[in-house]
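Below: one structure, written as structure tokens.
None of the figures in this text is laboratory data; all of them are computed from the coordinates on show. No experiment lies behind these values; they were computed from the predicted model shown. Positions of Cβ are backbone-derived with ideal geometry, glycine not excepted, and every protein chain shown enters the neighbour counts.
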Amino acid sequence: MPNLNLILLGPPGSGKGTQGERLQEDLELPYYATGDILRAAVKAVSDVGAKAKDFMDRGDLVPDEVMIGIIADRLESNEAEHGFILDGFPRTVPQAEALDKKLRELGRGLTAVILIDSTDEAIINRLSGRRVCLDGGHVYHVDFDPPKTEGACDIDGSELIVRDDDKPEVVSHRLEQYHEKTAPLIDFYRKQGLLNRIEGTETPDRVGESVRTLISTLSLEEGS
Ligand code: AMP
């Protein structure tokens with residue numbers, strides 16, 4: 001399998017996390033979901049967690065320099081030398097520019113950006129039914145992807161909760177932030193010829209199939 005350096009882009013709740021977890025298993029690549037990294041940092045009461053918490057609770061973006069530092073550390077480690085999957089980073093143009101610069105320094109580049117797209121209406125629907133497990137952050141939806149036992153994670157058995165930032169008033173602010181600060185990345189990567197759009201309003205399995213088909217094409221191109 002050739003090296004794949006991938007970004008999952010898309011609005012909050014478009015299914016990036018669900019697809020990212022599946023891709024990580026299929027491709028056996030390190031998977032860096034910045035939201036998960038930040039939530040773990042908040043839980044551990046680390047310096048990064050202390051800096052990020054208030055921004056996250058309000059549904060605001062955490063400052064670029066904090067985020068760029070988190071990702072730069074991981075890309076510089078040997079762990080990501082055969083490829084990576086980024087989920088939730090970059091989320092602003094300065095983050096994307098910093099990522100390009102870091103990859104150039106490392107003599108690498110991006111393989112593709114996968115935009116898992118959705119409408120605001122579908123997102124509000126998704127996020128209101130989303131549940132995450134307390135211990136591992138595994139993601140479910142009460143209607144579209146329910147756990148086998150109500151209220152408990154299939155994988156580690158821990159309790160399923162509503163994330164604070166999935167509450168309706170915070171969701172609308174996160175969507176505003178997405179349209180204002182993250183959506184410009186669609187054009188940014190389209191101009192670089194890296195953008196691949198996938199319809200995210202389908203079921204998780206259908207979206208997963210589209211992602212897999214895309215990855216096979218990319219692997220063939222990279223390998224040729
Ligand atoms: P997520 O789980 O990806 O929806 O991220 C949850 C929250 O973490 C976001 O609402 C932001 O407050 C913060 N966050 C995650 N990734 C980034 C990023 N790349 N830049 C700024 N803030 C981020």
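Full extension of the chain segment joining Arg74 with Asp26 gains 15.2 nm, where the gain is 0.36 nm per residue of separation less the Cα-Cα distance.
Within the chain, antiparallel bridges make up roughly 30 percent of the DSSP beta bridges whose residues both belong there.
Which residue, Asp36, Asp73, Asp166, has the most motion in a Gaussian network model of the chain that connects Cα atoms within less than 10 Å? Taking springs between Cα atoms under 10 Å, the residue moving most is Asp73.
For the chain, the 222 nm mean residue ellipticity estimated from helices alone, with every DSSP H stretch of n ≥ 4 adding -39500 (n - 2.57) and the total spread over all residues, rounds to -15000 deg cm²/dmol.
A full extension of the chain between Thr203 and Lys102 corresponds to an added length of 32.8 nm, given 0.36 nm per residue minus the alpha carbon distance. Here the simple spin-label model places points 7 Å from the Cα toward Cβ, and for Gln192 and Ala44 these points are separated by 2.8 nm.
Residues in the stretch 209-215 carry Karplus couplings, in order, of 4, 4, 5, 4, 4, 4, 4 Hz; the curve used is 6.51 cos²θ - 1.76 cosθ + 1.60 with θ = phi - 60°, and Gly or Pro positions show x. Taking the charge dipole of the stretch 124-224 about its Cα centre, with +1 at Lys and Arg Cβ atoms and -1 at Asp and Glu Cβ atoms, the residue from Thr213, Thr203, Tyr189 reaching farthest to the positive side is Tyr189.
Residue separation times 0.36 nm, minus the C-alpha to C-alpha distance between Thr119 and Phe55: what's the value? Working it through step by step, the gained length comes to 20.6 nm.
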